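What follows is one structure encoded as structure tokens, with my remarks underneath.
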Amino acid sequence: MIFRKRLAAGLCALSATLAAGLFPAAAIADETQAESPKVELVLDVSGSMRATDIDGQSRMSAAKQAFNEVLDAVPDDVRLGIRTLGANYPGKSKTEGCKDTEQLYPVGQLDRTEAKTAVATLSPTGWTPIGPALQAAGKDLAGGDATRRIVLITDGEDTCAPLDPCAVARELAASGTSLVIDTLGLASSDKMREQLTCIAEATGGTYTSVSHKDQLADRTKQLIDRAADAPAVTPTAVDGSASCSTAPLIGAGVYSDREKFAEHRWYRLNVADGQELRASVSVGADRAVNNDYGVLLRAVTGDRELVRGSDADSGRTDVISAGLRYGFAEQDDADTPASHIVCLEVSNSFSAPASVKTTPGLPVELTVGLVSAPDDASDVASFGLGRGWILLAVLTVTGLLAGLLWGWLSRIRVAVWRTN
């Protein structure tokens, strides 16, 4: 499975780079220094991890090798911990087996050698208490205002019912701890896939089926990097409207919303002469979706479209983003800058299989910046290309002239050859 990193518009929760780079810090309202993110890797060490179906080796061996790569790549500003489930109790008592979860490495500044040594001691042993492990992981990450992420790696469904791990995930999501759970499945079964998808969806996370060691390492590193790239500001919740006329009025900042499949949502803002609007939107595919989808961001004033940005894909990605920019030239004869009401329209072309829940809507993160426009702001806007149209025209003419010259030279060469 290929996962793309997107620039140009930034990423859904995934917008810190955009907010810091595309938009100057002064353009983002109430920006504060974020606390270092916390991540806990929750690894299944149950007896089924002995199965030898990942690149010709056991699931446990593949997980250990992947962890070595992951630990080498953890960003310095991420506080990382490791928790296991099913690592210690080999017996048949469900009561005891469902208590078998422990923190192998505490959440904090990472000592890579110490963490690798701890992982190397693991051996497939017992039950699969996913629910209890998630409860404990939530406590491991508690405290402070940092973003939190749990990455659950397992090869089977929970064996400790009636404690439903999906219900545990919903409780963690409702606790106000900004916690996301991503799930990675090392085996393929409908029941496991359904449970891991439910856990991820409950917290706005993602589920990924993994069948190779390199895929496990790459995906885990990507999720840790995503935690490290969390926004420096907490998005402000906003409820977009079905039309421009009734849309909520917003300013520069980062906003979160939910959008139904194939829905159009509108937001309004004031842009003065001499200002340039820069906006991006990221829509997260936080559940199973059909292939072939896209996202569109438009800036409209009155009945006129100013500029649009769009992106599309035909495979499974977690976030798809689009961005735009548009500047209003400053009027020399105006005593005070004129203000323009600009409406931003966010729409998507996601669809899902009939078995997938469509509520709540897909998570949306909208980033808006207002900066001083360049002196030639009127040249900025043509569908986000700036002077791209001029460059395109120059390249077209140059190519035409080069083609004509080459054709004439070829005819002369052929004529000379025939004469000789």
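Does Pro106 count as within 16 Å of Leu41 (Cβ to Cβ), at pLDDT below 95 and not in a helix (DSSP H, G or I)?
No.
What number of residues within the range 264-282 are within 21 Å of the chain's Cα centre (by Cα), over 14 Å from Gly240 (Cα atoms) and of a type in the set (Val, Ile, Thr)?
Matching residues across the range 264-282 total 0.
So, in the range 202-221, of the ones that are outside any helix (DSSP H, G or I) and of a type in the set (Gly, Ala, Ser), which residue ends up farthest from Ala73 (Cα to Cα)?
Ranking the candidates gives Gly204 first.
More than 27 Å from Ser347 (Cα to Cα), in contact (Cβ under 8 Å) with a residue 24 or more places away in the chain and either in contact with a helix residue (DSSP H, G or I) (Cβ under 6 Å, 6 or more places away or on another chain) or of a type outside the set (D, E, K, R) (or both): is that true of Gly205 in this structure?
Here the answer is no, as Gly205 does not meet what is asked.
Can you name the residue in the range 362-387 that is part of a loop (DSSP other than H, G, I, E, B) and surrounded by fewer than 17 Cβ atoms within 10 Å (Cβ to Cβ) and, of all such residues, is modelled with the highest pLDDT?
By that ranking, first place goes to Pro374.
(1) free of Cβ contacts under 8 Å to residues at least 24 places away in the same chain; (2) aliphatic (A, V, I, L, M); (3) under 30 Å from Asp53 (Cα atoms): which one isn't true of Ile224, the others all being true?
Unmet condition: (1).
With respect to the numbered conditions (1) of a type outside the set (Gly, Ala, Ser); (2) assigned to a strand (DSSP E or B); (3) over 23 Å from the mean Cα position of the chain (by Cα), which one is the sole condition not fulfilled by Glu330?
Glu330 satisfies every listed condition except (2).
Before we move on, is Thr128 among the β-branched types (Val, Ile, Thr), crowded, with 24+ Cβ neighbours inside 10 Å and over 18 Å from Leu179 (Cβ atoms)?
Yes, satisfied.
If a residue must be assigned to a loop (DSSP other than H, G, I, E, B) and small (Gly, Ala, Ser), how many such residues does the range 233-262 contain?
8
Just one of Ser321, Ser280, Ser310 is crowded, with 16+ Cβ neighbours inside 10 Å, assigned by TED's automatic domain parsing to the domain that holds Thr358, of a type outside the set (Val, Ile, Thr) and in contact with a helix residue (DSSP H, G or I) (Cβ under 6 Å, 6 or more places away or on another chain); which is it?
The conditions single out Ser280.
Out of Ala285, Ala272, report the one residue that is surrounded by fewer than 23 Cβ atoms within 10 Å (Cβ to Cβ), out of contact with any Ser or Thr (no Cβ under 6 Å at 6 or more places or on another chain) and among the hydrophobic types (A, V, I, L, M, F, W, C).
The unique qualifying residue is Ala285.
Taking only pairs six or more apart or across chains, which ones have beta-carbon atoms under 9 Å, a first residue in the range 76-97 that is in the same structural domain as Leu134 (by TED's automatic domain parsing) and of a type in the set (Asp, Glu), and a second residue that is assigned to a loop (DSSP other than H, G, I, E, B) and surrounded by fewer than 21 Cβ atoms within 10 Å (Cβ to Cβ)?
That search, which allows pairs on different chains as well, returns Asp76/Gln109; Asp76/Leu110; Asp77/Ser36; Glu96/Tyr89.
Can you tell me which residue is surrounded by the most Cβ atoms within 10 Å (Cβ to Cβ) among those in the range 105-125 that are in contact (Cβ under 8 Å) with a residue 60 or more places away in the chain and among the hydroxyl-bearing types (Ser, Thr, Tyr)?
Thr125
The values are calculated or read from the model by the stated rules, or taken from the named source; none is laboratory data. Note that the coordinates shown come from a computational prediction; the quantities given were computed from them, not determined experimentally. Don't worry about glycine lacking a Cβ; one is built from the backbone with ideal geometry, like all the others, and counts go over all protein chains shown.
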